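Since the structure comes first, as structure tokens, the remarks are kept for the end.
The values are calculated or read from the model by the stated rules, or taken from the named source; none is laboratory data. On a predicted model such as this, the values are computed, not experimentally measured, just so you know. Glycine also receives a Cβ, built like all others from the backbone with ideal geometry; neighbour counts cover every protein chain displayed. These accessible areas exclude ligands, DNA and RNA; they are computed on the full protein's heavy atoms, side chains included. Shrake-Rupley method; radii C 1.70, N 1.55, O 1.52, S 1.80 Å.
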Amino acid sequence: MAQQLASSRLNSEPNDFFAQFACGMALMELGQLLGAEQYLRSAVALAPTQAEFRAQLARVLVLLQRLPEAVQVADAALALHPRAAQTLDTLGVVYSRANAHDRAIELFRHAIAVTPGVAAHYYNLAVSLTFSGQIDAAEQAYETLLRLQPRFWRAHTALSQLRRQTLERNHIARLNALLASAGDDPAAVVHLNHALAKEYEDLGDYPRAFAHLQAAKVERRARSGYSIARDQDLFEALMAGVPDPLPPPEGLPDEPIFVIGMPRSGTTLVERILSSHPDVHSAGELQNFGVTLKRASGSATRYLLDLDTLARLQEADWPALGAAYLASTRPGTGHTPRFVDKLPHNFMYAGFIAKALPHARIICLRRNPLDTCLS
């Protein structure tokens with residue numbers, strides 16, 4: 001509805017930058033990121049001194065995994081000296097996603113100073129503190145958040161995972177009390193049970209840990225909207241859409257090493273082995289290839305990979321797509337001869353990776369299916 005109203009306004013007033021901004025925000029919430037980017041760029045062009053417009057554009061670029069570009073836009077927003085807590089928090093999230101956690105921490109603390117009672121600001125601060133290794137400070141931030149908003153459910157899971165719990169120091173009594181009073185709130189059932197599973201496991205009470213883990217997963221499965229038929233159709237289209245044999249290698253650098261496979265199949269271990277070599281940098285779990293492929297396809301559907309996206313790839317410029325992927329990983333990569341992109345679900349893109357980056361290496365991990373599912 002918001003997007004429709006803003007679009008209607010733009011029909012009569014195409015230079016209304018607030019309407020451009022509203023369209024961009026609505027499309028971002030709908031998951032239509034490329035459309036959101038276009039409207040937000042228009043809003044920035046029409047109102048270049050609005051720091052919030054630039055901050056939200058940077059946020060969209062982060063969601064599109066165009067991190068170097070997102071940081072540039074965030075830097076431009078900061079140069080406008082924003083004072084609004086929401087803008088400061090959004091920019092902090094952008095820098096945290098770009099692994100610039102020191103800068104993110106500074107912005108989150110600034111947002112808290114401006115508006116002290118917003119629980120989400122403490123959550124974002126705690127996450128960046130955790131990534132920067134400041135565990136005690138992160139714990140304090142989570143506890144402050146939970147005093148403000150005890151039902152900020154995901155904070156309980158994050159707090160339980162900060163450190164190994166002990167008989168003398170744990171949150172089990174609080175978690176059980178909250179779970180008993182939460183009713184059928186799905187977020188509470190998922191996060192509180194996950195937290196209890198983690199803490200009981202730390203204490204060696206494995207039957208209780210497994211019961212809480214099962215309760216969390218049953219709730220999550222019931223509300224996931226997952227369809228095995230959709231996956232079957234997608235897999236069939238993937239297999240039909242990648243020619244065999246693949247075209248011969250040509251052209252592009254051989255930097256990337258893709259480590260793929262089902263989650264919990266050993267991908268992290270292989271990544272750590274590879275990145276222990278001085279010529280190999282671990283870039284982490286990058287969404288960049290899928291996002292780059294989606295953008296190249298021109299598809300505007302909600303899902304990153306679906307039948308519409310695959311249908312539009314028939315005329316793709318594969319060398320250009322490979323070059324765009326490499327560019328999207330900068331400046332985090334390029335300072336060593338090779339880097340590891342360890343996103344397990346890139347197995348969905350293996351055929352496309354081979355076409356776009358013919359010199360890349362692809363390492364696929366396979367593990368007993370029962371071990372994988374249980375893990």
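With θ taken as phi - 60° and the coefficients 6.51, -1.76 and 1.60, list the Karplus ³J(HN,Hα) couplings across segment 92-98 in order, rounded to whole Hz; mark glycine and proline as x.
x, 4, 4, 5, 5, 5, 8
Give the long-range amide H neighbours of residue 282: residues separated by 5 or more places, or on another chain, with amide H under 5 Å away, using H modelled in the peptide plane at 1.01 Å from N.
Long-range HN contacts for residue 282: 340.
Under a 10 Å cutoff between Cα atoms, tell me which one of 259, 60, 94 has the largest fluctuation in the Gaussian network model of the chain.
Looking only at 259, 60, 94, the largest GNM fluctuation is found for 259.
Please arrange 96, 128 by accessible surface area, largest first, computed with a 1.4 Å probe and ligands excluded.
Numbers: 96 25, 128 0 Å².
Highest to lowest solvent-accessible surface, that is 96, 128.
Per residue of segment 317-332, what does 6.51 cos²θ - 1.76 cosθ + 1.60 with θ = phi - 60° give for ³J(HN,Hα)? Whole Hz please, x for Gly and Pro, Karplus curve as stated.
Along segment 317-332, the couplings run 8, 5, x, 5, 5, x, 5, 5, 4, 4, 4, 5, 8, 7, x, x Hz.
Taking the Cα centre as origin and putting +1 on Lys and Arg beta-carbons and -1 on Asp and Glu beta-carbons, what dipole magnitude results for the chain, to the nearest 20 debye?
On the way: 36 positive and 37 negative charges, 102 e Å.
Approximately 500 debye in magnitude.
In Å², what does the accessible area per residue of the chain work out to with a 1.4 Å probe? All intermediate terms of the calculation are to be shown ahead of the outcome.
Working: 19610 Å² over 375 residues.
Result: 52 Å² of accessible area for each residue.
Please say if segment 248-375 is rounded, prolate or oblate, where rounded means a/c under 1.5 for a ≥ b ≥ c the square roots of the C-alpha gyration tensor eigenvalues, and otherwise the choice is prolate for a/b larger than b/c and oblate otherwise?
Taking the square roots of the gyration eigenvalues as a ≥ b ≥ c, segment 248-375 is oblate.
Taking all protein chains as present, what is the carbon and sulfur share of the accessible area of segment 102-208, in % to the nearest whole number, probe 1.4 Å? Numbers along the way, then the final one.
Values: 2820 of 5380 Å².
Here carbon and sulfur together make up 52 percent of the probe-accessible area.
Of the peptides 265-274, 354-363, how do they stack up when ordered by the mean number of other Cβ atoms within 10 Å, highest first?
Numbers: 265-274: 17.6, 354-363: 19.1.
Descending mean neighbour count gives 354-363, 265-274.
Leaving ligands, DNA and RNA out of it, rank 373, 364 by accessible area with a 1.4 Å probe, largest first.
Most to least solvent-accessible, the answer reads 373, 364.
Quick one: Karplus J couplings for segment 301-307, per residue in order, coefficients 6.51, -1.76, 1.60, θ = phi - 60°, nearest Hz, x for Gly and Pro?
So the Karplus estimates, Gly and Pro as x, are 6, 5, 7, 5, 10, 8, 5 Hz.
Sorted by mean Cβ packing within 10 Å, highest first, what order do the peptides 187-199, 113-125 take?
187-199, 113-125
Using helices alone, I'd like the mean residue ellipticity at 222 nm for the chain: each DSSP H run of four-plus residues gives -39500 (n - 2.57), total over residue count, nearest 500. Working shown, then result.
Details: 20 runs with 231 residues, N = 375.
It lands at -19000 deg cm²/dmol.
Which whole-angstrom value gives the distance between the alpha carbon centres of segment 30-53 and segment 349-375?
36 Å
Under the definition of Cα pairs under 8 Å and six or more residues apart, what whole-number percent is the relative contact order of the chain?
Details: 533 pairs, mean separation 50.1, N = 375.
Dividing the mean separation by the residue count of the chain yields 13 percent.
Heavy atoms only, probe 1.4 Å: what % of the accessible area of segment 36-79 goes to carbon and sulfur, would you let me know? Can you show the working numbers first?
Details: 870 of 1630 Å².
Carbon and sulfur: 54 percent of the exposed surface of segment 36-79.
Check the straight Cα-Cα distances from residue 217 and name the lysines below 24 Å, setting aside those fewer than 8 residues away within the same chain.
Straight-line reach from residue 217, under 24 Å: 198.
Quick one: which residues, 5+ away or cross-chain, put their amide H under 5 Å from the amide H of residue 258? H built at 1.01 Å from N.
Sorted by chain and number, the residues that satisfy this are 341, 361, 362, 363.
Label points 7 Å out from Cα along the Cβ direction at residue 368 and residue 173: separation in nm?
4.2 nm
List the pair-distance distribution P(r) of segment 261-336, using every Cα-Cα distance, as the percent of pairs falling in each 5 Å bin from 0 up to the bin containing the longest distance, rounded to whole percents.
Result returned by the calculation: 3, 14, 19, 17, 18, 15, 10, 4, 0.
Sort out for me the Cα centre separation of segment 84-108 from segment 181-225, rounded to whole Å.
Value for the Cα centre distance between the two parts: 31 Å.
On a straight-distance basis, which aspartates and glutamates could pair with residue 294 in a cross-link, Cα separation under 12 angstrom, same-chain partners fewer than 8 positions away excluded?
Partners found: 306, 308.
Given [x] 22.6, 66; [y] 30.3, 106; [z] 26.3, 81 as candidate values of Rg and Dmax of the Cα atoms in Å, which corresponds to the one derived from the coordinates?
Recomputing Rg and Dmax of the Cα atoms in Å here picks out [x].
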